[in-house]
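*Asks:* One structure, as structure tokens, below. Some questions next.
The values are calculated or read from the model by the stated rules, or taken from the named source; none is laboratory data. Here the structure is a predicted model, which means the values were calculated and not measured. Because the Cβ atoms are built from the backbone with ideal geometry, glycine has one as well, and the counts that use them run over all protein chains shown. Accessible surface areas use protein heavy atoms only, side chains included; no ligands, DNA or RNA. Shrake-Rupley method; radii C 1.70, N 1.55, O 1.52, S 1.80 Å.
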Amino acid sequence: MSDTSFLSRHMFSPKAKFYVVDNLYPEVWDEEQLWVIGPNGKILSKDQTKPMTMDVGTFELTWEQFCGQFQEYWDTMF
């Protein structure tokens, strides 16, 4: 299991929306920008399209669900 202790709710504004895209990729829509999480924290995504829950495999998550999804993604990718 990888260390994801750097992930904190305080990295994002109170209005941030948390998503999983394609049933795997954790993304955050915050301050009208799309963010992804990397080894050094949050990174502004090259793709600035807001995730749409009508897309297959895209779901809005609570912070707790997002953390679980992020841990799963992190373990798979790193």
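*Asks:* Among the residues of region 19-29, what is the count of those that are surrounded by 17 or more Cβ atoms within 10 Å (Cβ to Cβ) and among the acidic types (Asp, Glu)?
*Replies:* 1
*Asks:* For the list (1) open to solvent by 40 Å² or more (accessible area, probe 1.4 Å); (2) part of a strand (DSSP E or B), I need the number of the one condition that residue 10 fails.
*Replies:* Only one criterion in (1) open to solvent by 40 Å² or more (accessible area, probe 1.4 Å); (2) part of a strand (DSSP E or B) is unmet by residue 10, namely (2).
*Asks:* For region 47-68, name all the residues that are under 10 Å from the mean Cα position of the chain (by Cα) and buried (at least 16 other Cβ atoms within 10 Å of the Cβ).
*Replies:* Within region 47-68, 61, 66, 67 meet the criteria.
*Asks:* From the list 36, 56, exactly one residue is assigned to a strand (DSSP E or B) and of a type outside the set (Ser, Thr, Tyr). Which is it?
*Replies:* 36
*Asks:* Hey, another quick one. Which one of the conditions (1) without any contact (Cβ under 8 Å) to a residue 60 or more places away in the chain; (2) over 13 Å from the mean Cα position of the chain (by Cα) does residue 27 fail to meet, given that it meets all the rest?
*Replies:* Exception for residue 27: condition (2).
*Asks:* Could you give every pair whose Cβ atoms fall below 8 Å, whose first residue belongs to region 8-24 and is closer than 11 Å to residue 63 by Cα and in contact (Cβ under 8 Å) with a residue 40 or more places away in the chain, and whose second residue is in a helix (DSSP H, G or I) and open to solvent by 40 Å² or more (accessible area, probe 1.4 Å), counting only separations of at least 6 or pairs across chains?
*Replies:* Pairs that qualify, where the first residue is closer than 11 Å to residue 63 by Cα and in contact (Cβ under 8 Å) with a residue 40 or more places away in the chain and the partner is in a helix (DSSP H, G or I) and open to solvent by 40 Å² or more (accessible area, probe 1.4 Å), are 9/63; 18/63; 18/65.
*Asks:* Now for a different question. Can you name the condition, by its number, that residue 71 falls short on among (1) surrounded by fewer than 12 Cβ atoms within 10 Å (Cβ to Cβ); (2) not in a loop (DSSP other than H, G, I, E, B)?
*Replies:* (1)
*Asks:* Which residue is most open to solvent (accessible area, probe 1.4 Å), if the candidates are limited to region 30-46 and must be hydrophobic (A, V, I, L, M, F, W, C), closer than 15 Å to residue 17 by Cα and without any contact (Cβ under 8 Å) to a residue 12 or more places away in the chain?
*Replies:* 44
*Asks:* Also, I was wondering about something else. Looking at residue 50, is it of a type outside the set (A, V, I, L, M), part of a loop (DSSP other than H, G, I, E, B) and on the phi < 0 side of the Ramachandran plot?
*Replies:* Numbers: of a type outside the set (A, V, I, L, M): yes; part of a loop (DSSP other than H, G, I, E, B): yes; on the phi < 0 side of the Ramachandran plot: yes.
So residue 50 fits the description; yes.
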